[in-house]
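Only one structure is covered here, and it is reproduced in the block below.
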Amino acid sequence: MAATFVSIANRALTLLGAQPITSLSDDTKEARSCNRMFEQSRDQVLRGHPWNFAMTRVALAASTTAPVFEYANAFDWPSDCLRIIECDTLEEWIVESRQIVTKAAAPLNIVYIKQVTDPTFFDALFVEAYALRLAADIAYDITASQQVLSNMEELYARKLAEARLVDAQEALPAAEDTWLSSRI
């Protein structure tokens, strides 16, 4: 079954021992808490790790306004970009004000984490990490318990570590270092 925001919210609420909802717009304390935090929680989990399902490649054109000094070009982030992972240039680059500034010429090829808003694209481990993040974010509002909040934070950290491990195994390892290869 594909994930929905309601199913993710209900997983978070279940972890807190709260009543499930039928919609994020329900007129209940649980729904209001989930509705208030679900986008922020999602983006926080997306930004926290280069999830394979959220990685996107694009070639950026240079901005018409170059940096005032030090760098030759500025490249605006894509509107759905949450985090820059890689720039395909040998030149130094840095992120400033939702732009990448560098001496590299256009186009600049980048890999970034896309703000995925369709839950049907979410990885199963991401869904669980997202539900735990949401549970931690709404825990105090729902339960008024600092202990429950701490427990949700701990569970989230463990699930995120597991998800990162599995997600990282879906890529070909980088080429071995020649020094290390010569030692074998």
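The values are calculated or read from the model by the stated rules, or taken from the named source; none is laboratory data. Quantities reported herein were computed from a predicted structural model and do not represent experimental measurements. Here the Cβ is made from the backbone with ideal geometry for all residues, glycine too, and neighbour counts use every protein chain on show. Remember, those area values only see protein heavy atoms, side chains included, never the ligands or the DNA or RNA. Shrake-Rupley method; radii C 1.70, N 1.55, O 1.52, S 1.80 Å.
Within the stretch 49-62, identify whether any single residue is among the hydrophobic types (A, V, I, L, M, F, W, C) and under 23 Å from Ile142 (Cα atoms), and answer yes or no. If you could, list the steps in order and put the result at the bottom.
So the first thing to find is which residues in the stretch 49-62 are among the hydrophobic types (A, V, I, L, M, F, W, C), and the list is 51, 53-55, 58-62.
Then keep just the ones that are under 23 Å from Ile142 (Cα atoms); that gives none.
No: zero hits.
Would you confirm, using the coordinates I've provided, whether Gln146 is at pLDDT 95 or above and either surrounded by 12 or more Cβ atoms within 10 Å (Cβ to Cβ) or in contact with a Ser or Thr (Cβ under 8 Å, 6 or more places away or on another chain) (or both)? Step through it out loud before you land on a result.
On the way: at pLDDT 95 or above: yes; either surrounded by 12 or more Cβ atoms within 10 Å (Cβ to Cβ) or in contact with a Ser or Thr (Cβ under 8 Å, 6 or more places away or on another chain) (or both): no.
No; evaluated as a whole, the condition is false for this residue.
Search the stretch 21-59 for residues being buried (at least 20 other Cβ atoms within 10 Å of the Cβ) and of a type in the set (S, T, N, Q), and hand back the single one that is nearest to Leu132 (Cα to Cα).
Restricting to residues being buried (at least 20 other Cβ atoms within 10 Å of the Cβ) and of a type in the set (S, T, N, Q), the top hit is Ser41.
Here is a check on your reading of the model: is Ser79 within 24 Å of the chain's Cα centre (by Cα), closer than 30 Å to Gln146 by Cβ and among the small types (Gly, Ala, Ser)? Show your work before the answer.
Working: within 24 Å of the chain's Cα centre (by Cα): yes; closer than 30 Å to Gln146 by Cβ: no; among the small types (Gly, Ala, Ser): yes.
Against the criterion (within 24 Å of the chain's Cα centre (by Cα), closer than 30 Å to Gln146 by Cβ and among the small types (Gly, Ala, Ser)), Ser79 does not qualify.
Inside the stretch 1-24, can you point out the residues that are part of a loop (DSSP other than H, G, I, E, B), within 18 Å of Thr120 (Cα to Cα) and in contact (Cβ under 8 Å) with a residue 40 or more places away in the chain?
The answer is Ala2, Ala3, Thr4.
Could you grab the pairs with beta carbons closer than 9 Å, sequence gap of 6+ or different chains, first residue in the stretch 31-44 and over 17 Å from Asp118 (Cβ atoms) and among the small types (Gly, Ala, Ser), second one open to solvent by 30 Å² or more (accessible area, probe 1.4 Å) and not in a helix (DSSP H, G or I)?
Ala31/Thr22; Ala31/Ser23; Ala31/Ser25
Return the total of residues in the stretch 6-51 being aromatic (Phe, Trp, Tyr) and touching a Cys at 6+ places or on another chain (Cβ under 8 Å).
Of the residues in the stretch 6-51, the ones aromatic (Phe, Trp, Tyr) are 38, 51.
This time we only want the ones that are touching a Cys at 6+ places or on another chain (Cβ under 8 Å), so: none.
Within the stretch 6-51, residues that are aromatic (Phe, Trp, Tyr) and touching a Cys at 6+ places or on another chain (Cβ under 8 Å) number 0.
Regarding Ala105, is this residue of a type in the set (A, V, I, L, M) and more than 30 Å from Ile138 (Cα to Cα)? It would help to see each step written out before you state the result.
Details: of a type in the set (A, V, I, L, M): yes; more than 30 Å from Ile138 (Cα to Cα): yes.
Yes, satisfied.
Go through the stretch 83-149 and tell me which strands (runs of 3 or more DSSP E), entirely inside it, have 3 or more residues that are in contact with a strand residue (DSSP E or B) (Cβ under 8 Å, 6 or more places away or on another chain) and free of Cβ contacts under 8 Å to residues at least 40 places away in the same chain. Reasoning before the result, please.
Values: elements: 93-96, 99-102, 108-114.
Where strands (runs of 3 or more DSSP E) fall fully within the stretch 83-149 and carry at least 3 residues being in contact with a strand residue (DSSP E or B) (Cβ under 8 Å, 6 or more places away or on another chain) and free of Cβ contacts under 8 Å to residues at least 40 places away in the same chain, they are 93-96, 99-102.
Quick test for you: out of Ala61, Ala54, Ala105, pick the one residue that is over 15 Å from the mean Cα position of the chain (by Cα) and at pLDDT 95 or above. Break it down into steps so the answer makes sense when it comes.
Details: Ala54 fails: over 15 Å from the mean Cα position of the chain (by Cα); Ala105 fails: at pLDDT 95 or above.
After ruling out the rest, the residue left standing is Ala61.
State whether one or more residues within the stretch 62-72 are touching a residue at least 12 places away in the same chain (Cβ under 8 Å) and part of a strand (DSSP E or B).
Taking every residue of the stretch 62-72 in turn, none turns out to be touching a residue at least 12 places away in the same chain (Cβ under 8 Å) and part of a strand (DSSP E or B).
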